[in-house]
Amino acid sequence: MLTNNIQPLLNILHTHPHWAVFIIFFLSFLESAAVIGLLFPGTIIMTAVGALVGTGTLSFLSVALWAATGAIVGDVLSFWLGHHYHEHIRDFWPFRKYPHLLEKGEKFFRSHGGKSVLIGRFAGPMRPLLPLVAGMMSMSWRRFLIADIFSGILWAPLYMLPGILLGLASQELPPEMATQLLLAAMVVVIVLWCISWLLRRLYASIHNVANRGLARLWYFIRTRPLLQRIEQVLMDPTHPDNHHQLGLAILALLTFPAFFILLHSMATHGVLTAWNEPLYYFMRSLRTTFFDRLMLAITTINPIVQTTMWGAIWAWLLLRRYWWAAWHWLVLGILVIGAGKAVKLLLHSPRPPGLLQTPAGWSFPSGHVLLSITFFGFLALILTHNRSRRVRWVAYSGVILLALSILFSRLYLGAHWLTDVVGSALLGLGLLAVVTISYRRRAVPFIASTGVLVVALVSLVGSWSWYWSHHHRQELHYYTPTWPTQTLDSKKWWRQNNNHQPPLYRTNRFGKTSEIINVQWAGAIPSIAENLQQRGWKILPKTSLLIMLNELANKHSNQRLPLLSQFYEDRKPVLVMYKMIPAPKAIVVLRLWDAHLTLSNDQPLWLGTVTYHHPWHLRLKHRSEKKAGLPEPTTLLSTDLMGYDWKKITYPPAVLLIRPSP
């Protein structure tokens, strides 16, 4: 139905391009005009237009030109209104009822000056307001037009790019599938935009509620004589009415108990450790050569590198006679390093297994994460103390990104459990909050941020470079996942029977058993593939975006090929083959994995599964897993074996043993 509704529109736009450019001009004009643009989802519109460009329905040059022209004309009109009415704009709706809209634009303009017109073009909700504000703030026409025309020319192609790429991809699909893909993509963009808007509103609401609550609590503490001591400890002398110190105290009161609860759960293997192994196995399933090197480069910002930076900054603070900052920097280092060592020795938590060489030391807490949160967090405080909110936002965002990257690298490389890094974050935040409260109890003299930043960067990059150049090859080898290698007696393997022993199981990406290994095949992979191809089996191509889209759009659901790889011991299969069964229509799939098993006759042994493929369906009722008239998968595979001996072991179900014929 949706396809029938949209196809006439596509035909009209293709046949009458002058209508299309007029509509695009009008939509871009509305998206950029003051007030109207606040209600207009420009990102969604430009993505949809870009998709039409990518499919060849519209010309890129004409669309980009008219979209940019419409945006510039809308901005010029908004600028003229602001320039003409000036402060009287505040008396017009909606600014009379919602004055904060203009206040945000004015604050942004004061922070960035004339370049705010250029930056604001890509600043989401601020885009339709900034030309109006620029006119109110008496920006010259010449400066405005230069910035606005340049940003408008950039804006149209950049905002159309996702849609263009989507349209180009859809050209590789059949027409009906392409239309469905475009419609689905537009729905996804709209949903993501709505979710993003909802999250921003939710964050703003929570932030406002928390601020009001802290302000009331701080007022209560300051007006109660019995709580005077708490006021003296938490007061920032430069901003007595500021409740940030109280917020830090509450953070410490929350993080320290949470840390000790987690510590107790680690010691007793409690419920909080339940996600350790599933996440560990999932991270192993994500391992690739590229990300191994990237994560190793990040994790090389290790305690040695971070402690070197800490020592260099402490020496610089002493040389410049910033005694208060130097004292707290020293205390922070002693507290963090001492607490981390003490907890490691107290708990004796072993590290995750499975690496060629397990990193030295106990696992809980993670020194990498603990030091990165505290050292970089307090460094950001020194750099941004008594500076603008924008500077603080940039500094703390950078610290959060760096700390999260180091945290993820430890999980990805398998050096720590989930509870290790969470516990480190809780302990680090608590210690950082306590030291920050103490640091702000005095009026701190101005610290040259350029100097401390240069010292931090030089010491950090220098020590990281030295460690990377001397150890990265060795550590890349050590962090390589390992699996045990076994050699089995070929005669005993062939003579095996169920013997009341449980069969082998395949585990999923989270380490949970999911299905029985029902094929054990001895031989070379090329010979196995060639043998089955002669009997009508095909090698499943590697999954790509186009293959995935084709399969998802395939109406014949019982003929869809499998899209996602299944894992055995965190590894993808070395061979995946499938065969179409004509009546009743079905697909049987064979997967073989390298289990690091070798027979005594030097034949590699592959473990695998042969199953019928059941495509995923969005249905309320469960799909039947078995069709009438289909033989057991192992029976079907055994009929296609040429040049191989085979036998079945019944557990149940049947397990097929296969070896080359003598």
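Could you go through the range 66-79 in sequence order and give the Karplus-derived ³J(HN,Hα) for each residue, using 6.51 cos²θ - 1.76 cosθ + 1.60 with θ = phi - 60°, rounded to whole Hz, and x for Gly and Pro?
For the range 66-79, the Karplus curve yields 6, 5, 5, 5, x, 5, 5, 4, x, 5, 4, 4, 4, 5 Hz.
At 7 Å along Cα-to-Cβ for each site, give me the label-to-label distance between Arg142 and Ser661 in nm.
The two pseudo-label positions are separated by 9.2 nm.
For a protection proxy built on the mean count of beta-carbon atoms within 10 angstrom, sort 230-239, 409-418, 249-258 highest first, please. Before the final figure, lay out the partial values.
Working: 230-239: 14.5, 409-418: 23.6, 249-258: 16.1.
The densest-packed peptide leads the list: 409-418, 249-258, 230-239.
Can you list the residues of the range 443-475 with backbone N under 17 Å from a point 7 Å past the Cα of Ser405, pointing along Cα to Cβ?
456-469
When a/c reaches 1.5 or more, the comparison of a/b and b/c decides; with that in mind, is the range 408-529 rounded, prolate or oblate per its Cα gyration tensor? It would help to have the intermediate numbers written out before the result.
Numbers: a/c = 5.00, a/b = 2.46, b/c = 2.03.
Taking the square roots of the gyration eigenvalues as a ≥ b ≥ c, the range 408-529 is prolate.
Return the sequence-ordered ³J(HN,Hα) values of the range 129-145 in whole Hz as given by the Karplus equation 6.51 cos²θ - 1.76 cosθ + 1.60 applied to θ = phi - 60°, using x for Gly and Pro.
The phi angles translate into 8, 5, x, 4, 5, 4, x, 4, 8, 6, 5, 5, 4, 5, 5, 5, 5 Hz.
Would you mind ranking Asp570, Asp489 by Cβ crowding within 10 Å, fewest neighbours first? Walk me through the numbers on the way to the answer.
Values: Asp570 20, Asp489 11.
Ascending number of Cβ neighbours within 10 Å: Asp489, Asp570.
Please state the shape class of the range 228-478: rounded when a/c is under 1.5, otherwise prolate if a/b exceeds b/c and oblate if not, all from the C-alpha gyration tensor. Working shown, then result.
On the way: a/c = 2.16, a/b = 1.40, b/c = 1.54.
Because a/c hits 1.5 or more and a/b fails to exceed b/c, the range 228-478 counts as oblate.
At what distance in nm do the modelled label points of Val458 and Glu106 sit from each other, each positioned 7 Å from its Cα along Cα→Cβ?
4.5 nm
If you count, for each residue, the other Cβ atoms within 10 Å and average over each peptide, how do 308-319, 390-401, 451-462 line up from highest to lowest? The partial results should precede the final answer.
Details: 308-319: 18.6, 390-401: 14.2, 451-462: 15.9.
Output ranking for 308-319, 390-401, 451-462: 308-319, 451-462, 390-401.
Kindly put Ser265, Ser78, Ser388 in sequence by how many other C-beta atoms sit within 10 Å of each C-beta, fewest to most.
Details: Ser265 16, Ser78 25, Ser388 10.
Exposure proxy ranking, most exposed first: Ser388, Ser265, Ser78.
Between the range 340-417 and the range 429-490, how far is it from one alpha carbon centroid to the other, in angstrom?
Result: 7 Å between the Cα centres.
Estimate the FRET efficiency between Ser469 and Phe122 by the formula 1/(1 + (r/R0)^6), using the beta-carbon distance for r and 35 Å for R0, to the nearest 0.05.
Details: r = 39 Å, r/R0 = 1.12.
With R0 = 35 Å, the Cβ-Cβ based efficiency is 0.35.
Would you order Asp241, Asp420 from fewest to most other beta-carbon atoms within 10 Å of each residue's own beta-carbon? Please list the in-between numbers first.
Working: Asp241 10, Asp420 28.
Ascending Cβ contact count within 10 Å gives the list Asp241, Asp420.
Could you pull out every residue, at least 5 positions away or on a different chain, whose amide H is within less than 5 Å of the one on Leu599? Hs are placed 1.01 Å off N in the peptide plane, and Pro or chain starts have none.
Hits under the 5 Å cutoff: Leu488, Leu605.
Could you pull out which residues in the range 300-321 have an amide N less than 14 Å from a spot 7 Å beyond the Cα of Leu330, following the Cα-Cβ vector?
311-321
Ranked highest first by the average count of other Cβ atoms within 10 Å around their residues, in what order do 642-651, 518-527, 204-213 fall? Present the calculation step by step, with values, prior to reporting the outcome.
Details: 642-651: 13.4, 518-527: 18.4, 204-213: 10.7.
Listed from highest to lowest mean packing, they are 518-527, 642-651, 204-213.
Grab the beta carbon distance between Ala448 and Met580, set R0 = 60 Å, and tell me the FRET efficiency rounded to 0.05.
Values: r = 73 Å, r/R0 = 1.21.
Efficiency for this residue pair is about 0.25.
Taking the simple approach of a point 7 Å from Cα along Cα-to-Cβ for both Phe510 and Lys572, what is their distance in nm?
Once both label points are built, they end up 2.3 nm from each other.
Give Lys341/Lys512; Lys538/Lys648; Lys572/Lys647; Lys344/Lys572; Lys491/Lys585 a once-over and call out the pairs whose C-alpha atoms are over 30 Å from each other. Walk me through the numbers before you get to the answer.
Values: Lys341/Lys512 34 Å; Lys538/Lys648 24 Å; Lys572/Lys647 26 Å; Lys344/Lys572 35 Å; Lys491/Lys585 39 Å.
Flagged as over cut-off: Lys341/Lys512; Lys344/Lys572; Lys491/Lys585.
Using a Förster distance of 25 angstrom, determine the FRET efficiency expected from the C-beta separation of Thr223 and Arg441, and round it to 0.05. Working shown, then result.
Working: r = 20 Å, r/R0 = 0.82.
Taking R0 as 25 Å, the efficiency between Thr223 and Arg441 is 0.75.
Name the shape class, rounded, prolate or oblate, that the alpha-carbon gyration tensor gives for the range 431-482, where a ≥ b ≥ c are the square roots of its eigenvalues, rounded holds for a/c under 1.5, and otherwise prolate holds if a/b is larger than b/c and oblate otherwise. Intermediate results must be reported in sequence, preceding the final value.
Numbers: a/c = 7.24, a/b = 2.05, b/c = 3.53.
Cα axes put the range 431-482 in the oblate bin.
We did not get these values from a lab; they are worked out from the coordinates using the rules stated. The shown structure was predicted, so the numbers you read here are calculated from the model rather than taken from an experiment. As a convention, Cβ positions derive from the backbone with ideal geometry for all residues, glycine included, and neighbour counts pool all protein chains shown.
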